[in-house]
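Participant: Sharing a structure, written as structure tokens. Questions coming.
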Amino acid sequence: MPAKLLFNQSSVVTEFILLGFPVVWELDVLFFIVFLIIYVLTVSGNVTIISITLTDCRLHSPMYFFLCNLSFLDIMMATAIVPKMMKDFISLEKTVSVAGCISQCYFYFFFGTTEVILLAVMSLDRYVAICIPLRYSTIMSIQTSFQLGLASWAGGFFSVLSPMIIISWLPFCGPNVIDHFFCDFEPLINISCADTHLLELVKFVLSTVVLLCSLLFTILSYLYIIITILHIPSSSGWKKAFSTSASHITVASIFYGSAIFMYIVPNKELSFSLKKAVTLQTAVFTHLLNPFIYTLRNQQVRDALRDTTSHILRGSNAFRVNCKLSRQ
């Protein structure tokens, strides 16, 4: 039996300590305020995208159905990480139970993997809309859109399930300190007192297959889209086609780049501080940027947001007028 498997049952760890960002208390308070603002903006921005998509009939199309899913995933990924991280900023005990740690790890990768697959599905939607526009309504029907969305969620769920089941079986017998701000896969298995080589191989294979297949599909879709756009004779048609795709290209580039750097490219020689910084960008800042990217670079979303805001303001003014009349 490997020496790493020989452990005392009485020393089994029941909770972990998350080091997070070891700084002075004043900076902890500052970080708490900053990440509270980021979290509120992330949730409110994505809820706004979901709300205007559901209420504005101009956005009742497959593209915006997938955008709603993406916004919901952004909220869930931020919620899986940020509230616990904020609590640790102002808490003296930065602990988490083993079950809670594994659960956080699972939900982070479940939502993240689902988002990776969904980005590929969104590139397919743009390919059909721009390259085969006459058949778009037939190919991307309501039923097909729902099935593709469901397949993204199912793919994320099942691709992460096996590694997480294996992690839940691992013994942890000390030390119980995780040098991270959340329960990420690598630092979690590094403190196990069992042989994790098979688990690391499974994780690498699954990450490579999901990320690279999704990335390759997205790249091929947008190569065909760019070629088609370049053949559009009218400048207005070119701008309209590009405006609906530019936001997705921006989001996909940020997300794929960070995820591949963290989970596929060998980077053991890099400092863990750099890894934490890249993970922070993927886990927190990307989900804050997505609503702004789609709002600023998509004309239809901007129009819907402006009209919704105008409608709310008109309703508010009408309500105030009615209140004044009722007082008289």
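Participant: Just check the range 1-122 against the gyration tensor rule for me: Cα atoms, a ≥ b ≥ c as the square roots of the eigenvalues, rounded for a/c under 1.5, and otherwise prolate or oblate depending on whether a/b exceeds b/c. Working shown, then result.
Facilitator: Numbers: a/c = 3.85, a/b = 1.63, b/c = 2.37.
Oblate is the answer for the range 1-122, as a/c is 1.5 or above yet b/c matches or exceeds a/b.
Participant: For the pair L92 and E186, how long in nm is the line joining their label points, each one 7 Å along Cα→Cβ?
Facilitator: The answer from the label model is 3.4 nm.
Participant: Taking the solvent-accessible surface of protein heavy atoms with a 1.4 Å probe, what is the per residue accessible area of the range 134-243 in Å²?
Facilitator: On the way: 6180 Å² over 110 residues.
The answer is 56 Å² per residue.
Participant: Can you give the local net charge around E93? Use residues other than it whose beta-carbon is closer than 14 angstrom to its beta-carbon, Lys and Arg +1, Asp and Glu -1. Working shown, then result.
Facilitator: Details: positive: K84, K87, K94; negative: E15, D28, D88.
Here the charged neighbours net out to 0.
Participant: Can you give the accessible area per residue of the range 67-112, in Å², using a 1.4 Å probe?
Facilitator: On the way: 1600 Å² over 46 residues.
Ligands and nucleic acids excluded, the result is 35 Å² per residue.
Participant: Taking H placed 1.01 Å from N in the peptide plane, check which residues at least 5 places from F16 or on another chain put their amide H under 5 Å from its amide H.
Facilitator: Under 5 Å from the amide H of F16 lie the amide H atoms of V96, S97, V98, each far enough along the sequence or on another chain.
Participant: Compute the separation of the alpha-carbon centres of the range 126-180 and the range 60-106 and state it in Å as a whole number.
Facilitator: 16 Å
Participant: While we're here: Could you work out what % of the accessible surface of the range 95-249 is carbon and sulfur, using a 1.4 angstrom probe and leaving DNA, RNA and ligands out of the count? All intermediate terms of the calculation are to be shown ahead of the outcome.
Facilitator: Working: 5470 of 7310 Å².
That share works out to 75 percent.
The values are calculated or read from the model by the stated rules, or taken from the named source; none is laboratory data. Predicted, not measured: the structure shown is a model, and the values here were computed from it. Backbone-built Cβ (ideal geometry, glycine too); neighbour counts: all protein chains shown. Just so you know, the surface numbers come from the protein's heavy atoms only, side chains and all, with ligands and any DNA or RNA stripped out. Shrake-Rupley method; radii C 1.70, N 1.55, O 1.52, S 1.80 Å.
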